[in-house]
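Worksheet for the structure shown next.
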Amino acid sequence: MKILKDKNIVLGVSGGIAAYKAPELLRILQKAGAKVRVVMTKNARDFISPLTFEALCGHKVLFDLFDGSYTSAIGHIDLAKDCDAAVIAPATANVIGKLANGIADDALTTFMLAAKGRKILCPAMNEAMYENAAVKRNIMKLEADDYIIMEPSEGELACKTKGKGRLADCDKIADGICEALTTKDLIWKKILVTAGPTREFIDPVRFISNPSSGKMGYAIAAAAKKRGGNVVLVSGPTYLEHPEGVKFIKVVSANQMADTTFINAPDADIIIKAAAVSDYRAEKFFEHKLKKGLADKVSLSFCKNTDILKEIGLNKKKEQILIGFAAETEDLEKNAFKKLKEKNLDIIIGNIVGKPGSGFEADTNKAVLFFKSGKKKVLPVMDKGELADIILSRCLTL
Ligand SMILES: Cc1cc2nc3c(=O)[nH]c(=O)nc-3n(C[C@H](O)[C@H](O)[C@H](O)COP(=O)(O)O)c2cc1C
């Protein structure tokens with residue numbers, strides 16, 4: 001969301017039931033630091049009052065092309081000149097049809113034809129309307145004209161039917177705007193990311209694992225996707241929703257993670273191993289649940305799992321970039337440099353687990369980047385999304 005800071009965003013609102021959700025989107029964009037102006041269709045005023053938007057954004061809403069009391073006589077052109085992104089949420093079938101055919105007969109459509117920045121439409125309508133051949137055709141035309149379409153979601157619609165037509169979630173729309181504004185510096189690059197913990201089952205109901213939430217790896221995958229990368233995310237079990245538009249492969253054990261990673265690694269340009277893979281697995285898997293029995297003590301024997309990072313490092317091609325993580329409880333620098341050398345990494349991201357604002361389940365991380373050259377960069381506590389972007393930018397400088 002950092003990219004939204006100080007960006008000029010124009011929020012267009014047209015006459016559909018979901019217009020009541022537009023103020024929520026406005027607030028999300030404002031919270032991220034964007035300067036938001038609103039343009040409405042006249043029909044949208046039957047669903048929500050311009051006053052709501054005026055109170056929230058502190059500016060007059062443009063809905064009448066010929067209203068001389070707006071900032072200037074040609075308010076739609078003024079807005080269009082400085083606009084970084086224009087997003088219509090909700091976009092009615094009517095507005096979609098007009099834009100697809102270059103019709104500019106009101107403030108919103110006239111503004112859209114003049115707007116310079118990225119243009120994003122968020123259709124919301126009854127399912128039958130969304131499936132209508134003319135609407136589909138118009139959406140395809142607009143995609144060809146470089147409009148970004150944020151697909152509606154499925155669920156119960158205002159008309160009491162179920163289907164695809166609900167306005168996309170406001171957080172997703174905000175994410176889509178961020179993606180639209182992000183420089184596509186990873187285009188044509190394949191980025192393989194591993195994330196989350198692995199589970200090594202002992203019997204059908206017990207396993208050994210670790211508290212990795214997967215947040216760091218998922219943040220890297222999301223950031224790489226936003227920057228235009230072709231992303232493969234191999235993940236152990238997590239409770240996270242995977243980023244849209246990435247190839248998502250779910251695994252459970254270290255062995256499965258190894259197999260999947262080895263299949264996807266050879267043609268990857270950048271490989272980032274953020275998964276917390278179990279070093280050992282139980283030597284024997286018990287087919288049935290182990291019973292408590294009479295013994296006070298039990299011991300299990302473990303055997304070594306494949307060292308995925310080391311294997312990839314051994315087979316790494318000259319032009320590939322390999323990045324690993326070192327979560328340590330002591331001697332971070334010494335351990336990180338040792339791992340970097342042993343596994344033929346380009347960068348290792350080290351962090352001390354157990355410190356506030358850092359490590360396994362936190363939304364933030366306090367990391368130190370260690371480089372092959374022997375240099376290091378100590379970073380402050382930051383959001384995992386922000387750290388993900390720093391890591392990817394570093395990859396591009398290598
Ligand atoms: C109660 C009601 C709800 C409506 N909801 C939608 C809707 O969700 N999506 C849509 O495309 N049209 C919807 N319409 C139809 C539009 O309001 C209509 O096509 C109108 O001309 C759109 O005007 P505008 O695109 O200039 O805002 C609805 C109409 C009514 C009366």
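Bear in mind these aren't lab numbers, they're just calculated from the coordinates by the rules spelled out. All values derive from a computational prediction rather than experimental measurement. Counting neighbours? That spans all protein chains shown, and the Cβs are built from the backbone with ideal geometry, glycine included.
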- Message: For a quick size check, give me the Cα extents of the stretch 220-323 along its three principal axes, largest first, whole Å.
- Response: 59, 32, 18
- Spin-label pair Lys31/His59, simplified geometry with 7 Å Cα→Cβ offset, distance in nm: 2.1
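Using Cα pairs closer than 8 Å and at least 6 residues apart in sequence, work out the relative contact order for the stretch 1-147, in percent.
Numbers: 267 pairs, mean separation 37.6, N = 147.
So the answer I get is 26 percent.
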- Message: Going by Cα centres, the stretch 1-44 and the stretch 298-358 are how many Å apart?
- Response: 43
- Item | Model label zone, Ile208; criterion: amide N under 16 Å from point 7 Å along Cα-to-beta-carbon; scope the stretch 264-308 | 276-286, 298-307
- Query: Two-decimal Rg/Rh of the chain from alpha-carbon positions, Kirkwood Rh?
  - Reply: 1.07
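Over 27 Å between Cα atoms: which of Lys297/Lys338; Lys341/Lys384; Lys116/Lys384; Lys35/Lys247 fall into that group?
Lys297/Lys338; Lys116/Lys384; Lys35/Lys247
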- log10 of Debye I(q)/I(0), alpha-carbon scatterers only, for the stretch 2-181 at 0.11, 0.19 Å⁻¹: -0.41, -1.32
- Task: Just rank Met112, Met382, fewest to most, by other beta-carbon atoms within 10 angstrom.
- Result: Met382, Met112
- Compute the distance in nm between two label points, each set 7 Å from the Cα along the Cα-to-Cβ direction, one at Lys2 and one at Glu244. 2.4
- Between Ala128 and Thr306, the two model label points (7 Å from Cα along the beta-carbon direction) sit apart by a distance in nm of 5.5
- Whichever lysines have a C-alpha closer than 19 Å to that of Lys42, once near sequence neighbours (fewer than 8 apart) are set aside: Lys21, Lys60, Lys98
- Task: List the residues of the stretch 199-231 whose backbone N lies under 13 Å from a point placed 7 Å from the Cα of His288 along the Cα-to-Cβ direction.
- Result: 204
- ³J(HN,Hα) across the stretch 189-196 via Karplus (A = 6.51, B = -1.76, C = 1.60, θ = phi - 60°), whole Hz, x for Gly/Pro? 9, 9, 10, 9, 10, 10, 8, x
- Message: Can you find, among Ala22, Gly102, Ile77, the residue sitting farthest towards the positive end of the charge dipole of the stretch 2-181, where Lys and Arg contribute +1 and Asp and Glu -1 at Cβ?
- Response: Ala22
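Just order 141-154, 257-270, 80-93, 279-292 by mean Cβ neighbour count inside 10 Å, highest at the front, would you?
80-93, 257-270, 141-154, 279-292
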- Query: Can you give the relative contact order of the chain as a percent, counting alpha carbon pairs under 8 Å and 6+ residues apart?
  - Reply: 11
- Item | Eligible aspartates and glutamates near Lys334 by straight Cα distance, threshold 15 Å, same-chain separation 8 or greater | Glu342
- For Lys119, distant residues with modelled amide H under 5 Å away: Ala86, Ile148
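With charges only on Cβ, +1 for K and R and -1 for D and E, what is the dipole size of the chain about its Cα centre, in debye, rounded to 20?
Details: 60 positive and 49 negative charges, 212 e Å.
My answer is approximately 1020 debye.
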- J(HN,Hα) series, the stretch 246-259, from Karplus relation 6.51 cos²θ - 1.76 cosθ + 1.60, nearest Hz, glycine and proline x: 9, 7, 10, 10, 8, 10, 10, 8, 5, 4, 5, 5, 4, 4
- Checked the stretch 144-265 with the C-alpha gyration tensor, a ≥ b ≥ c its square-rooted eigenvalues, rounded below a/c of 1.5, otherwise prolate if a/b is larger than b/c and oblate if not; verdict oblate
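Between Lys116 and Glu143, 0.36 nm times their residue separation minus their Cα-Cα distance comes to what?
On the way: separation 27, 0.36 × 27 = 9.72 nm, distance 1.61 nm.
Result for the pair: 8.1 nm of gain on full extension.
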- Express in whole angstrom the spacing between the alpha-carbon centres of the stretch 89-135 and the stretch 198-221. 44
- Near Lys318, which aspartates and glutamates are there with a Cα under 16 Å away, not counting those fewer than 8 places off in the same chain? Asp267, Asp269, Asp346
- Expected vector for the stretch 265-280, Karplus 3J(HN,Hα) from phi with 6.51, -1.76, 1.60 and θ = phi - 60°, integer Hz, x for Gly and Pro, equals 6, x, 9, 7, 7, 10, 10, 10, 9, 9, 6, 9, 8, 5, 6, 10
